[in-house]
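Comments concern the structure below.
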Amino acid sequence: MAKARSVHACSECGGRAPKWQGQCPHCGAWNTLVESVAAPPPKRFESVAGARSAIVPLAGVEPRAVERMATGIAEFDRVLGGGLVAGGVVLLGGDPGIGKSTLLLQACAALGATQRTLYVTGEESVEQVALRARRLGLVGAPVELLAEVQLEAIVAAIGSAEPGVVVVDSIQTLYTEALASAPGSVSQVRECAAQLTRLAKQRGTVVIFVGHVTKEGAIAGPRVLEHIVDTVLYFEGDPHSSFRLVRAIKNRFGAANELGVFGMTERGLRGIANPSALFLSQHADPVPGAAIVATLEGSRPLLVEIQALVDPALGGPPRRLAVGLDPQRLALLLAVLHRHGGVEVGGFDVFVNAVGGVRIGEPAADLPVLLAVSSSLRNKPLPAKSLVFGEVGLAGEIRPVQRGQERIREAAKLGFRRALVPAANRPKHPLEGIEVVPVERVADALDFLRRA
Ligand code: TYD
Ligand code: MG
C-alpha cells in the first residue's frame, strides 16, 4: 500500500512543517506540532451520504425515525437513549479495569443474536477474550473476534465481513501506516477514529470505541475524540466499591447526562433498576456532618449522602478538598456561609465527599453541602430521615431546582420524613408521609439545624 504523505501542523497557528520539530517555525510556539495525514484538497464538496448537497427548506425535510438496536442490557440502553443507532459512533471511556471490556462483551453477546458482531481486540489475545466470555457465561455467544491493531487491516476485515456492530477495544492501541507517530499518540488516535467513523457513516455500521482515560502526556486520552463521535459515555464510580456508573456526556441520539447504574458481580455487570438508595451510607443514628441530597441525574432522582469534615487546621493554610463535588463551588459556598450565615471556617480544614464515588454537578447539592459543613463544625447532626436540596445564591438566597416535587416524593418512598427545600419548590398540596420545610435564606436553613 502506498504510504500517504504526512505533515506536521501547529495547533496554535495552523502553520505546517514537513517534519516534526520542537518549535513551530511560523509562530515560535513550543511542542505544538502534531502529525496528520496530508489529504489532497477535495475536488467537490460532498455530504456524509455522498450525494451533492443542495439547499432545502427546513419545512420540507421529513425526519427519519431512528431505529434502535437494543443491547439487551437495560441500563446500557438507557444511557444510549434507547439503544444503538445504525451508523452511530460511540466512545466508551473510563479508567483501566473499571469494566469497559466486560460491558461491551456482554452487549456484543446480546447484539450477536440479530447482527453480525465483530469485537476487535488490540489489548488482549482472542484467548483472553474467550476466557472472559467463559467467566461471563457467554461461551457460545455469536460474536466474532479479531486480534488486530493495524487500521488498514481492520478496515479491510470490516469490508469483507460486513458486520452490523464493531467494537474497537481500545482505540489507543490502533495505528495507521499513514502516520509515523506511535500508537496512542494524539495524531494516531484521531486519525484512526476519524477513518473508522467515516466507514461507520458510509456503511451504516455501529462502531463503539473503548478509550482509556489517561494522565496528560504523550498518550492521548478519549477527550480528543469527543467531537468526532455521536455519543460519549464515561464510566465513573469508586473503584473500591462494586457499583459502576455509566454517564452519557454527549448524545446526538438521546438525552445527555443520563446515568446507567451497574453492580460488578462474579459474572459481569448487572444493571440496577432502582438505584435511588444506593449512595446512602447506612448509619443507625444520624451523625454530624452528613446531609442527604436528592439529585436528578438523567431521568431518575438519586439520593446521595454528602459528608463533610471540618477540623482545626494545624499549621499551614487551611485545606479545602471536594470529592465528587466541584471544589470551586465549595469555596464559594464557604464564603456565602460566612457572609450570610455568620459561620466562620477560616481556621479550619474542610473536606466534603459525595458517598459512593458518584459525581454531582448539580447546584441542588449547594444547600446540603452548606448544612453538612455547619453540622460538622457544630458537631450536631441534622434530624434523622431528613432530605435537603437547593441552590445557594451569592446573596444568601435559596433558589429553586428543577422537578422539586419528584425529588421529595422519591425520598418519601424511601422512608424520609422531612424535606428542607427552597420555598419556591414547596408543593401546593401536602405530601403524604413527609413534612416539607421551605427555606428562603441561608439563615433559615441554619435555624433548622440549630433547632434540630
Ligand atoms: P475490564 O472489563 O477488563 O476493565 P477495562 O476493560 O475497563 O479495563 O474489567 C476488569 C475488572 O472487572 C477486573 O478487575 C475484574 C472485574 N470483573 C469482575 O469482577 N467480574 C467479571 O465477571 C469480570 C469479567 C471482571
Ligand atoms: Mg479492557
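We did not get these values from a lab; they are worked out from the coordinates using the rules stated. Worth saying up front: this structure is predicted, and the values here are computed from it rather than measured. In this analysis, Cβ positions are derived from the backbone assuming ideal geometry, glycine residues included, and neighbour counts consider all displayed protein chains.
Packing around the peptides 89-99, 435-445, 365-375, taken as the average count of other Cβ atoms within 10 Å per residue, puts them in this order, highest first: 365-375, 89-99, 435-445. Note on GLU12/GLU152: beta-carbon distance plugged into 1/(1 + (r/R0)^6) with R0 of 22 Å gives a FRET efficiency of 0.10.
Could you compute the FRET efficiency for ARG378 and ARG223, with r as their C-beta to C-beta distance and R0 at 35 Å, rounded to 0.05? Working shown, then result.
Working: r = 42 Å, r/R0 = 1.19.
Approximately 0.25, to the nearest 0.05.
Once you sort the root eigenvalues of the Cα gyration tensor of the stretch 278-451 as a ≥ b ≥ c, which label holds: rounded (a/c under 1.5), prolate (a/b larger than b/c) or oblate (the other case)? Please list the in-between numbers first.
Values: a/c = 1.63, a/b = 1.46, b/c = 1.12.
Judged from the Cα gyration tensor, the stretch 278-451 comes out prolate (a/c at least 1.5, a/b above b/c).
Overall size of the chain from C-alpha positions, given as principal axis extents largest first: 78, 56, 53 Å. Each peptide in 282-293, 300-311 was scored by the mean count of other Cβ atoms within 10 Å over its residues; highest first, the order is 300-311, 282-293. First check a/c for the stretch 69-273, with a ≥ b ≥ c the square roots of the eigenvalues of its C-alpha gyration tensor; if it is under 1.5, answer rounded, and if not, answer prolate when a/b is larger than b/c or oblate otherwise. Cα axes put the stretch 69-273 in the rounded bin.
Can you tell me how the stretch 321-401 classifies by the Cα gyration tensor, rounded, prolate or oblate, using a/c under 1.5 as the rounded cut?
Details: a/c = 1.17, a/b = 1.10, b/c = 1.07.
Rounded is the answer for the stretch 321-401, as its axis ratio a/c remains below 1.5.
Here the calculated FRET efficiency for GLU177 and ARG135, from their Cβ-Cβ distance with R0 = 45 Å, stands at 0.80, rounded to the nearest 0.05. At a Cβ-Cβ separation cutoff of 4.7 angstrom, cysteine residues of the chain with no neighbouring cysteine are CYS108, CYS192.
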